[in-house]
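To start, the structure under review is shown below, and the notes come after it.
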Amino acid sequence: MPTAHATALTVDHVASLYARPLLDLVHEAARVHREHHDPRNVQCASLLSVKTGACPEDCSYCPQSAHHTTSVEREALMDVADVTSEARAAKERGADRFCLGAAWRGIRDGEGFDQLLDMVREVKSLGLQTCVTAGMLDAGQAERLREAGLDYYNHNLDTSREFYDEIITTRTYDDRLETLRTVRDAGLSVCCGGILGMGESSDDRIALLHTLATLDPAPESVPLNALIPVEGTPLENRPRLPWDELVRAVATARILMPQSRVRLSAGRDALSDEAQALCFLAGANSIFLGDTLLTAANPGPNKDAALLAKLGLRFEAEASRDDRDDR
Ligand code: SAM
Ligand code: DTB
Ligand code: SF4
């Protein structure tokens, strides 16, 4: 049964939030954030591309699509032992979640999937939260992932239904919604968000936020990516998203999905400290930690540690250690 909140939410309501004077919107989002979360904590996830490039999908933003010629080199599925040592290193840097990304259209049963399941088991046994993003999957595969110790499955809606066809033609918006339903039905937590700055209008951003917030229940994690325009992709010349649009989207997401983690995801490499500070104030409470996302640049752990320290924020993994020490 859909909840009252999910069914009652209209696009007009989302649009009216999104259009509020920026600082009023941030103020309201900060209030909601403080009501539901410890505002000092920033959850840190680390990403690893376990199978890179040569993807059959034609997502126009993605450097890993076989339809575009980029500097990304194709790499076969990684060894489980190498993945485990990367995960251990990420934990030492302060990550509490480790996300395995595979440039697949979807999961196929067989050796590769068995290997991915082993990776999940190993990462889980290090005491990290686990996340996988590997495209479409069926109910049996979702179930096996859960049994292997998977906590989250990431699958993004990317944009509004209306703008979607301008970005991807090899699978549909309904395919994406169906995958999300399969993930949810298997009892996995959902990580689902989108990309801003691909040339979409504010109405598209509003529609994306409305769709995310009316998934029932709302995703536990909402990654908001600012497009990284990668050379060789059809979106290579898109201008970077203006910072205030990102702040607006973060704040609106926080108000609409008060309990969720809102992750300031790709594109932080081009954001100033000040813009990121506003995003944290507006309710972002998760980032990707590390020098690289899947293939593209990220600020890196030292820069992030310095930024969080400056803002009086802390890695959530450290917060739980501090709280234990206080007892
Ligand atoms: N193949 C799987 C899929 O599409 O679900 C998983 C990997 S895919 C690279 C994961 C997500 O990365 C995409 O859904 C997209 O939101 C994000 N992404 C890819 N390229 C990006 C870029 N250039 N800028 C921002 N986000 C990007
Ligand atoms: C998400 O929403 N963003 C991450 C993660 N989920 C898998 C990926 C960002 C990828 C940016 C481009 C790259 O590194 O290739
Ligand atoms: Fe493939 Fe995912 Fe990139 Fe699309 S976003 S081309 S599905 S790796």
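No lab work stands behind these numbers, since they all come straight from the coordinates. Nothing here was measured: the structure is a model prediction, and the numbers come from that model. Note: ideal-geometry Cβ built from the backbone for every residue, glycine included; neighbour counts use all protein chains shown.
Quick one: of the DSSP bridges fully inside the stretch 4-326, what percent are antiparallel, nearest 5?
Within the stretch 4-326, antiparallel bridges account for around 5 percent of the total.
Cβ neighbours within 10 Å, averaged per peptide: list 265-271, 64-70, 203-209 in order, most packed at the top.
Numbers: 265-271: 21.3, 64-70: 17.7, 203-209: 22.9.
Sorting 265-271, 64-70, 203-209 by mean packing, highest first, produces 203-209, 265-271, 64-70.
With Cβ to Cβ distances under 10 Å as the rule, what net charge do the other residues near residue 59 carry (K, R +1; D, E -1)?
Values: positive: 171; negative: 57, 58, 158.
Net of charged neighbours comes to -2.
Kirkwood Rh over alpha-carbon pairs of the chain, then Stokes-Einstein at 25 °C and 0.890 mPa s: what D in µm² s⁻¹, rounded to an integer?
For the chosen part, D equals 123 µm²/s.
Leaving out same-chain residues fewer than 8 places away, which lysines sit with a Cα under 21 Å from that of residue 303?
Filter leaves 91.
Counting only the backbone N, which residues of the stretch 270-290 are under 18 Å from the spot 7 Å out from the Cα of residue 24 toward its beta-carbon?
282
If you count, for each residue, the other Cβ atoms within 10 Å and average over each peptide, how do 52-58, 245-251 line up from highest to lowest?
The packing order, highest mean first, is 245-251, 52-58.
Among 147-154, 112-119, how do they line up by average Cβ neighbours within 10 Å per residue, starting with the highest?
Ranking, from highest mean packing down: 147-154, 112-119.
Compactness ratio of the stretch 4-141: Cα Rg over 2.2 N^0.38 Å, N = residue count?
Values: Rg = 19.6 Å, N = 138, 2.2 N^0.38 = 14.3 Å.
Dividing the Cα Rg of the stretch 4-141 by 2.2 N^0.38 Å gives 1.37.
What value, in deg cm²/dmol to 500, does the helix sum -39500 (n - 2.57) over DSSP H runs of n ≥ 4 give at 222 nm once divided by the residues of the chain?
-13000 deg cm²/dmol
May I ask you to derive the relative contact order of the chain, considering only C-alpha pairs under 8 Å and at least 6 residues apart, and to give it as an integer percent?
Details: 631 pairs, mean separation 78.2, N = 327.
Dividing the mean separation by the residue count of the chain yields 24 percent.
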